[in-house]
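*Asks:* Input: one structure, supplied below.
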Amino acid sequence: MIASRFASAAPVRRLVVEGTHVATVDAHDTEYVDGHVVADGSRIVAVGPGPAPEWCTAGLAPPGSAPGAAAPDAAPIPVDRVDGRGHLLTPGLVNTHHHLYQWLTRGVAQDAILFDWLVALYPTWARIDESLVEAGASAAIAVLARSGCTTVGDHHYVFPAGAGDLLGGLVRAAATVGVRLHATRGSMDLGRSQGGLPPDFAVETTDAALRAGQEAVARFHDPSGDARVQIAIAPCSPFSVTSDLLRESAVLGRQLGVRLHTHGSETVEEDAFCLESFGRTPTQYLEDLGWLGEDVWMAHCVHLDDHAIGRFAATGTGVAHCPSSNGRLAAGVAPIASLLRAGAPVGLGVDGAASNESGQLGTEIRQAVLFGRLRSGADAFSVRQGLRLATIGGARVLGRDADLGSIEVGKLADLALWRVDGVEFAGIADPVAALGLASMPPLARLWVGGDTVVAEGELVHADQGLLAEGAARASAELRSRV
């Protein structure tokens, strides 16, 4: 048995965390001020108050195990026993929207609204390739992991001709750090000459985008509950995609049994574009094309009217809330409290690192709480609602809430252990407020399926210094191509 404060970074059969404040984020928001969580392999086997049961710490099989599983002469199960005193244990955070490759183009068009920002950056993005995407994504995912994120949702929609295996680069980057990846095969087929926003050289044909989506699902998608990689079909937005591609993408995704993702109602300019081009609001237009449903989630959804909120709730359409990016681009404050009251699924997203240079998911909890209160009032958005968005809310949006997003027996051991006994939080009345109102606490440990991915703020499976050097070189190389 290993018995130390933060004992081993190596995978072990059993993980026991004791003495910590446990925020389970289950259906009842159960919390244990001094609790324990136990995982065998990748799954949680015990959660509760006080110390872990003796069978857990002694390395014995769980009560009620199959006959022969706990033979008297069997060797004890190896145990990584973690002393969680002074810490907060939460589910691993779930990121529902990102553009990982944009890590290479941070700090550009700093004072622009969305449409001007896109026009400024499209020419650079159209020159990415496989090696650059992998380098940028590896660094971006490293930052996400170090901010408590165990599941990374990415929306990649720029596929220049001859750029190589871009999705393969994203999959390798996630494996390097050790997190789960919900990648999307995005697309754009509406160039400027056809009335769209992106330049013609940055778009694909409709047929090519559909074929590529089907191939991506065949190559990478794992439908199992403990999947490390899943794929969704994700045409970019109403102002960069034809109606044909949106309609056919919805059909394709449902034929393949995967989820659908796009941007929706991000800015007033998008609203104006849809009203002028289609005579419909973005929500009405997308619903006409089959883009509302329990298998759909949309990024941003800042400018939803009451009718749209009702349709999202009635159809189970999910929302990826990206408060920092919406502030950076002056898009507005999404009506998250209203969406939650209506029953719509809502998760948190970082969004592209070129519109949220922090790249951290943990800090978005505080941003969501503060933005939610600015829109709806001080008592309308609690710190626990913010935590729910970042965990079980995001898992629901991605269709993974049966396995991820809360600390419950049978779920995957994707866990984040935050240190809340340092000077920044000394005496704080509520450890959850350290995430929802204070600065993001230091991350002591991060587990994905019981495997340690971050220990004392440092990556376990990758050298973050080398990842930083690689991203800096890739960023300089990309700039030199423009």
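The values are calculated or read from the model by the stated rules, or taken from the named source; none is laboratory data. Please read these numbers as outputs of a predicted model, since none were measured by experiment. Note that each Cβ is placed from the backbone with ideal geometry, even for glycine, and that neighbours are counted across all protein chains shown. Ligands, DNA and RNA are stripped out before the accessible areas are found, and what is left, the full protein with its side chains, is counted by its heavy atoms. Shrake-Rupley method; radii C 1.70, N 1.55, O 1.52, S 1.80 Å.
*Asks:* Put a dot 7 Å past each Cα toward the Cβ at Phe278 and Ala402; how far apart are the dots in nm?
*Replies:* Going from the Ala402 label point to the Phe278 one covers 3.1 nm.
*Asks:* Now, a different point. Calculate, for the chain, the solvent-accessible area per residue in square angstrom, rolling a 1.4 angstrom probe over the heavy atoms of the protein chains. Show your work: numbers first, answer last.
*Replies:* Values: 17190 Å² over 482 residues.
That works out to 36 Å² per residue.
*Asks:* Which length gain, in nm to one decimal place, applies between Gln214 and Glu424 when the Cα-Cα distance is subtracted from 0.36 nm times their residue separation? Don't jump to the answer; show the numbers that get you there.
*Replies:* Numbers: separation 210, 0.36 × 210 = 75.60 nm, distance 4.88 nm.
Going from the current span to full extension adds 70.7 nm.
*Asks:* Using +1 at the C-beta of Lys and Arg and -1 at the C-beta of Asp and Glu, which of Ala429, Gly393, Ala413 has the Cα lying farthest in the positive direction of the dipole of the stretch 346-482?
*Replies:* In the stretch 346-482, that residue is Gly393.
*Asks:* Something else now. Out of every Cα-Cα pair in the stretch 131-278, what percent are more than 25 Å apart?
*Replies:* On the way: 3333 of 10878 pairs.
Percentage above 25 Å: 31.
*Asks:* If you place +1 on the Cβ of every Lys and Arg, -1 on the Cβ of every Asp and Glu, and leave all else neutral, what size is the dipole of the stretch 252-320 about its Cα centre, to the nearest 20 Debye?
*Replies:* Working: 4 positive and 11 negative charges, 69 e Å.
Charge dipole, the stretch 252-320, about its Cα centre: 320 debye, nearest 20.
*Asks:* Note down the magnitude of the dipole of the chain about its Cα centre, charges +1 on Lys and Arg C-beta and -1 on Asp and Glu C-beta and zero elsewhere, to the nearest 20 debye.
*Replies:* Details: 36 positive and 54 negative charges, 71 e Å.
The dipole magnitude comes to about 340 debye.
*Asks:* Something else about it: Using the charge dipole of the stretch 203-276 (Lys, Arg: +1 at Cβ; Asp, Glu: -1 at Cβ; taken about the Cα centre), state which of Leu246, Phe273, Val258 has its Cα farthest towards the positive end.
*Replies:* Val258
*Asks:* Now for a separate question. Just to confirm a number: summing +1 for Lys and Arg and -1 for Asp and Glu over residues other than Gly310 whose beta-carbon lies under 12 angstrom from that of Gly310, what do you get?
*Replies:* Details: positive: Arg311, Arg341; negative: Glu287, Asp305, Asp306.
Net of charged neighbours comes to -1.
*Asks:* Can I ask one more? At a 1.4 Å probe, what is the % contribution of carbon and sulfur to the accessible area of the chain?
*Replies:* Values: 8990 of 17190 Å².
Carbon with sulfur: 52 percent of the solvent-accessible area.
*Asks:* Something else now. If the viscosity is 1.002 mPa s and the temperature 20 °C, what translational diffusion coefficient in µm²/s does Stokes-Einstein give for the stretch 252-295 when Rh comes from Kirkwood over Cα pairs?
*Replies:* On the way: Rh = 11.3 Å.
For the chosen part, D equals 189 µm²/s.
*Asks:* Helix 243-256 against the longest principal axis of the chain: what's the angle in degrees, Cα atoms only, rounded to the nearest 10?
*Replies:* The two axes meet at around 30 degrees.
*Asks:* In whole Å, what is the distance between the alpha-carbon centres of the stretch 158-235 and the stretch 344-374?
*Replies:* Using only Cα atoms to place each centre, the spacing works out to 23 Å.
*Asks:* What does the helix-only formula give at 222 nm for the chain: each DSSP H stretch with n ≥ 4 adding -39500 (n - 2.57), the total divided by the residues, and the result rounded to the nearest 500 deg cm²/dmol?
*Replies:* On the way: 16 runs with 163 residues, N = 482.
About -10000 deg cm²/dmol.
*Asks:* For Leu446, what charge total do you get from the other residues with a beta carbon under 9 Å from its beta carbon, if Lys and Arg give +1 and Asp and Glu give -1? Please list the in-between numbers first.
*Replies:* Working: positive: Arg146, Arg445; negative: Asp414.
Taking every other residue near Leu446 into account, the sum is +1.
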